[in-house]
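Visitor: Got a structure here, written out as structure tokens. Questions coming.
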Amino acid sequence: MSGTPPVTLLGPQRRPTLPSVVESLGLTGLFAIVTAGWQEREKDDAELSSYLGGESVNLALWHRLQDVLDRDPEFAEAFRARRAMLDEMQDLYLMGVGHAMDALLSLYERRSATASLVSRAITDAEEVLRDLDDRHRRRIASVHGAFYDRVVPHERQLVRQHRDEVTVALSGASAAVVAGGHVAALLDAMHLFNVAPLLESRPVIAWSAGAMALTERVVLFNDRAPHGPAVPEVYDAGLGLVPGVVALPSARKRLLVANGPRMATLARRFAPSACVPLDPGAVVSLSSDRSLPAGTLVVRQDGVVGGSGGSDD
């Protein structure tokens, strides 16, 4: 992807860093805004637009999706059937990864005179996790493939109309920003209206769920959930604009970063992709080939959250 415009991933924007990042990147002109993850509040973007100098156009992807669901009953039926199947698949997959993670937690605490045996057992359990993840990803892709074969979006007049309008809106934009929110809603809308190819030709800034959506693989996680640590889970495929990255928004708030074995398992589970924490204030500017710059904060395979160290690490 040599020569492609850069992508910049940010931490959460409760205390916005977006204006300074836009300035530092020298971005001017019209910005395309994607706030589909905000769902009903998608168009409440006045504050966000102000950070961009007031020069923006909202692609309104969530509202466009609702319009298709309201006016195309056949599409709506298939869309909801797919979501129900994906939700059930996710529940079943989580049962499997939950048991595998429980085994790992027990192995972390195992005291043995032969440390190499425990280490080998941990490796085996991590391989089980990776296998479950890979199988789940393939099954998700199969469900999506069957859905798109059934509804054939480019042959549906209403979808084509919205895609054309999105293309026109983006054609005049010098850059795009993708906000966070509900990641499933964001993915559904961005995939349906085929936004990925349109974003490849301009700089993109994204944060939180928006950053997750740009990657190849969306991973949900929360070690600090009220009911106890949740198992990191592969949720869906992203747009693939940022290869080799698993985005971890609010990582220090959600991950037990001081738990070295747990962090090491996280890094090894998703390798060779880099697990990249995106905490408040984080700015990760990927180069024109979309590779991570040396020194980017990542979860390392030794369980430490630290600099990537570039190619020598």
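Visitor: Which pairs turn up if I take residues in region 41-69 that are free of Cβ contacts under 8 Å to residues at least 24 places away in the same chain and look for partners that are open to solvent by 40 Å² or more (accessible area, probe 1.4 Å) and in a helix (DSSP H, G or I) with beta carbon separation below 8 Å, at least 6 apart in sequence or on another chain?
Guide: E42/H63; K43/H63; D44/W38
Visitor: Within region 86-127, restricting attention to residues that are over 19 Å from Q301 (Cβ atoms) and polar (S, T, N, Q), which residue is modelled with the highest pLDDT?
Guide: Among them, the one singled out is Q90.
Visitor: Quick one: is V257 assigned to a strand (DSSP E or B) and of a type outside the set (K, R)?
Guide: No: the conditions fail for V257.
Visitor: Which of the residues belonging to region 23-48 are open to solvent by less than 60 Å² (accessible area, probe 1.4 Å), of a type outside the set (F, W, Y) and modelled with pLDDT of 95 or more? It would help to see each step written out before you state the result.
Guide: Pass one, region 23-48, residues open to solvent by less than 60 Å² (accessible area, probe 1.4 Å): 26-27, 29-39, 42, 45, 48.
Filter again for of a type outside the set (F, W, Y), leaving 26-27, 29-30, 32-37, 39, 42, 45, 48.
Residues satisfying the conditions are L30, A32, I33, V34, T35, A36, G37, Q39, E42, D45, L48.
Visitor: For residues that are of a type outside the set (D, E, K, R), open to solvent by 50 Å² or more (accessible area, probe 1.4 Å) and over 17 Å from the mean Cα position of the chain (by Cα), tally how many sit in region 261-280.
Guide: Number satisfying all stated conditions: 1.
Visitor: Looking at region 214-228, can you tell me whether even one residue there is in contact with a Leu (Cβ under 8 Å, 6 or more places away or on another chain), at pLDDT below 95 and open to solvent by less than 10 Å² (accessible area, probe 1.4 Å)?
Guide: yes
Visitor: Still on this structure, please answer the following. So S171 clears everything in (1) farther than 28 Å from L10 by Cβ; (2) open to solvent by 60 Å² or more (accessible area, probe 1.4 Å) except one condition, right? Which one?
Guide: The one condition S171 does not meet is (1).
Visitor: Going through R160, R156, R130, R150 one at a time, which residue ends up being at pLDDT 95 or above, among the charged types (D, E, K, R) and within 25 Å of the chain's Cα centre (by Cα)?
Guide: Going through R160, R156, R130, R150 in turn, the sole match is R130.
Visitor: Out of the residues in region 293-313 that are modelled with pLDDT of 90 or more and either of a type in the set (F, W, Y) or open to solvent by 50 Å² or more (accessible area, probe 1.4 Å) (or both), which is nearest to the chain's Cα centre (by Cα)?
Guide: Within region 293-313, the subset modelled with pLDDT of 90 or more is 296-306.
Subset that is either of a type in the set (F, W, Y) or open to solvent by 50 Å² or more (accessible area, probe 1.4 Å) (or both): 297, 300-302, 304.
Values: L297: 17, R300: 19, Q301: 21, D302: 24, V304: 22 Å.
Out of the qualifying residues, it is L297.
Visitor: Here's another thing I want to ask about it. For residues that are open to solvent by 60 Å² or more (accessible area, probe 1.4 Å) and either assigned to a loop (DSSP other than H, G, I, E, B) or in contact with a strand residue (DSSP E or B) (Cβ under 9 Å, 6 or more places away or on another chain) (or both), tally how many sit in region 115-135.
Guide: Counting residues in region 115-135 that are open to solvent by 60 Å² or more (accessible area, probe 1.4 Å) and either assigned to a loop (DSSP other than H, G, I, E, B) or in contact with a strand residue (DSSP E or B) (Cβ under 9 Å, 6 or more places away or on another chain) (or both) gives 1.
Visitor: Any residue at all in region 157-167 that is of a type outside the set (F, W, Y) and more than 30 Å from L52 (Cβ to Cβ)?
Guide: The answer is yes; a qualifying residue exists.
Visitor: Any idea which residue in region 52-106 is surrounded by the fewest Cβ atoms within 10 Å (Cβ to Cβ), counting only those that are within 17 Å of I140 (Cβ to Cβ) and touching a Lys or Arg at 6+ places or on another chain (Cβ under 7 Å)?
Guide: Step by step, filter region 52-106, then rank; the result is M89.
The values are calculated or read from the model by the stated rules, or taken from the named source; none is laboratory data. Because the structure is predicted, anything quoted here is derived from the model rather than measured. Positions of Cβ are backbone-derived with ideal geometry, glycine not excepted, and every protein chain shown enters the neighbour counts. Heads up: the accessible areas ignore ligands, DNA and RNA and are worked out on the full protein's heavy atoms, side chains in. Shrake-Rupley method; radii C 1.70, N 1.55, O 1.52, S 1.80 Å.
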